[in-house]
Each structure stands twice: as C-alpha cells, then as structure tokens.
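S.K.: Have a look at the structure that comes next, please.
The values are calculated or read from the model by the stated rules, or taken from the named source; none is laboratory data. These numbers were taken from a predicted model, which means no experiment stands behind them. Neighbour counts are summed over all protein chains in view; Cβ atoms, including those assigned to glycine, are modelled from backbone coordinates with ideal geometry. Quick note on the areas: whole protein, heavy atoms, side chains included, nothing else; ligands and nucleic acids left out. Shrake-Rupley method; radii C 1.70, N 1.55, O 1.52, S 1.80 Å.
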Amino acid sequence: MKLRHRLFLAFLAASLLPLGVTIWITMSLLDRSLGYATTGELDRVSRTLEGTARLFYQHERDTLKQDALAGRTTPARYSVEASASWPEPVRAFWASGEPERFVLSGDGGDHVEWLRRALGADGVEAFVRDLRGIRMEALSGEFRRTRATVDAMESRDLRRGFTLTLLLLVAAVWIVSLAPLVVIARRISQPVQQLTAGLSAFAAGDWERRIEPTSGDEVGRAVVAFNDMADQLRQSRDRLVYLTQIASWQSLARKTAHELKNSLTPIR
C-alpha cells in the first residue's frame with residue numbers, strides 16, 4: 001500500500017472514528033446526567049403534595065357548596081345599597097357578572113368562601129368554611145418557591161452534566177484521534193529509522209549492512225534502493241581493491257625486473 005494511501009486511511013480513522021465515539025458518549029452521558037439528577041425525587045414529592053392540596057381544596061369547596069344548598073350554613077349578605085363598603089373580593093365578583101365564585105380569605109387563605117348572587121340580584125351572599133388551619137395561599141406560595149428551586153437545581157444539574165460530558169468528550173476524542181495516528185506514524189517512521197541507521201552504519205564502514213524491506217510503499221522502495229546501492233558499492237570496492245592489487249603487483253614486478261637487470265649488467 002502506498003504511503004499516501006496510508007495517510008488517507010489515517011485521516012479517515014482520525015476523523016470518522018472520533019465522530020462516532022463523540023455521538024455515543026454524548027448521548028450516554030446526557031442520559032445518565034438527566035437520569036441521576038438530584039431534583040427528580042424532590043420534584044415528584046412537590047408535585048404529589050401540590051396535587052394533594054388541590055384535591056383537599058376541591059373537596060372543601062364541594063362540601064361548602066353542599067352545606068350552603070342544604071341550608072346547613074348561614075351566609076353573610078352584602079346588599080347593593082352598601083356596595084361602597086363591600087370587601088374587594090365581593091366587589092370584584094359583583095363586577096365580573098359571574099353567577100358564583102370561590103375565593104380564599106382569612107389569614108393566609110385559611111378560609112374558603114362561596115360567593116353567589118342573591119335572589120333578585122339585589123346583592124351577594126357569601127358562605128364561609130374554615131379550612132382548619134391550612135393556609136392555602138401560603139401553601140401555594142411554598143409550592144411556587146419549591147418549583148423555582150427545582151428549576152434552578154435542574155438547570156445546575158444540566159450544566160454539570162454538560163460540563164462533564166464536554167470534558168470526557170474532549171478527552172475521549174483526543175485519545176481516539178491520537179491512537180490511529182500513533183500507529184500509522186510508527187509504521188511509517190520505523191522503516192525510516194532503519195534506513196537512517198543503515199546509511200549511518202554504511203557510511204561508518206559497515207559495508208555488509210543491509211535492511212529487510214517491510215512494505216511495498218515509497219519507504220519500502222527506498223530500502224530496496226539502499227540495498228542495491230550497497231551491493232553495487234561493495235562490488236565497486238571489491239573491483240577497486242582487485243585493480244589496486246593488480247597495479248601493485250605490476251609495479252612490484254617492474255621494480256623487481258629493474259633490480260635484476262641492474263644486477264645482471266656487471267655480470268654480463
């Protein structure tokens with residue numbers, strides 16, 4: 001496989017693999033962050049208590065109306081002639097034109113009143129029922145504050161979940177992106193290091209040094225070229241050594257012949 005093909009595959013592995021891991025980790029961590037939120041139990045308790053209070057208030061309204069219709073309770077009557085002194089809830093009910101209305105009154109809403117138009121529309125009748133110390137308005141305020149607290153805690157938990165998700169996501173993407181690059185870089189750099197070491201050893205005089213090719217890409221072909229060059233240089237060196245030896249022998253032979261000639265001349 002060519003070097004550019006390896007680099008292309010490394011790019012794909014370093015981009016597509018982290019993308020898939022990113023999506024999986026994000027979904028998993030968000031599910032866990034929202035599933036283990038500390039506000040879940042508090043939210044369920046708050047909604048249960050709110051529903052119970054609503055049922056209690058509805059029951060007390062129905063009981064008050066039944067008692068009023070059965071004549072078991074005496075209403076407070078507000079005549080039209082004295083409308084200037086009516087309480088604000090009675091005045092608002094009269095102005096609305098509604099036939100009847102339930103309102104809370106007393107300390108913190110510990111009484112419920114059933115307002116209805118009197119026969120002949122000459123005033124308002126108000127039937128009152130004591131809620132036995134349960135202050136509905138104060139209770140409603142507590143529910144609102146609880147809901148605000150729950151929302152704030154959910155927002156905090158969500159931010160915490162996103163922060164944790166982001167940190168783990170960055171770490172995971174970095175590790176997943178680095179792993180294939182390290183593997184590809186090692187597969188590419190190792191033959192280059194071997195080639196560099198072979199050249200250094202060859203330059204230092206180790207003419208027998210050869211490198212085993214491990215791939216067929218550009219680096220592998222460079223290793224093959226190095227081995228061929230080393231073989232050619234060794235052959236050239238051997239030939240040069242042989243020629244040098246031949247030249248030395250010829251020179252020695254000429255010198256020897258010259259000395260012999262010089263020695264034979266007086267004898268002749």
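S.K.: Let a ≥ b ≥ c be the square roots of the eigenvalues of the Cα gyration tensor of region 31-147; is it rounded (a/c under 1.5), or, if not, prolate (a/b larger than b/c) or oblate? Show your work: numbers first, answer last.
M.R.: Numbers: a/c = 3.18, a/b = 2.50, b/c = 1.27.
The shape class here is prolate.
S.K.: Taking H placed 1.01 Å from N in the peptide plane, check which residues at least 5 places from Ala118 or on another chain put their amide H under 5 Å from its amide H.
M.R.: Sorted by chain and number, the residues that satisfy this are Gly123, Val124, Glu125.
S.K.: Taking the Cβ of Gly106 as the center, what net charge do the other residues with Cβ under 13 Å away carry, scoring Lys and Arg +1 and Asp and Glu -1?
M.R.: Values: positive: Arg129, Arg132, Arg135; negative: Glu60, Asp107, Asp110, Glu113, Asp130, Glu137.
Computed value for this residue: -3.
S.K.: A further question follows. Rank these by accessible area, largest first, 1.4 Å probe: Thr48, Thr63. Numbers along the way, then the final one.
M.R.: Details: Thr48 85, Thr63 30 Å².
In descending accessible area the options line up as Thr48, Thr63.
S.K.: Ignoring ligands and nucleic acids, what accessible area does Thr256 show with a 1.4 Å probe (Å², nearest 10)?
M.R.: In the full protein context, Thr256 sits at about 70 Å².
S.K.: List, in order, the whole-Hz ³J(HN,Hα) value for each residue of region 88-96 obtained from phi through the Karplus relation with A = 6.51, B = -1.76, C = 1.60 and θ = phi - 60°; use x for Gly and Pro.
M.R.: Result, rounded to whole Hz: 4, x, 5, 5, 5, 5, 4, 6, 6.
S.K.: Give me the number: length gained by fully extending Ser236 to Asp130, i.e. 0.36 nm times residue separation minus the C-alpha to C-alpha distance, one decimal in nm. Provide the component values of the computation, followed by the final result.
M.R.: Working: separation 106, 0.36 × 106 = 38.16 nm, distance 11.91 nm.
Between Ser236 and Asp130, full extension yields 26.2 nm more.
S.K.: Once phi is turned into ³J(HN,Hα) by the Karplus curve 6.51 cos²θ - 1.76 cosθ + 1.60 with θ = phi - 60°, what whole-Hz value does each residue of region 237-246 show in order, with x for glycine and proline?
M.R.: For region 237-246, the Karplus curve yields 5, 4, 5, 5, 5, 5, 5, 5, 5, 4 Hz.
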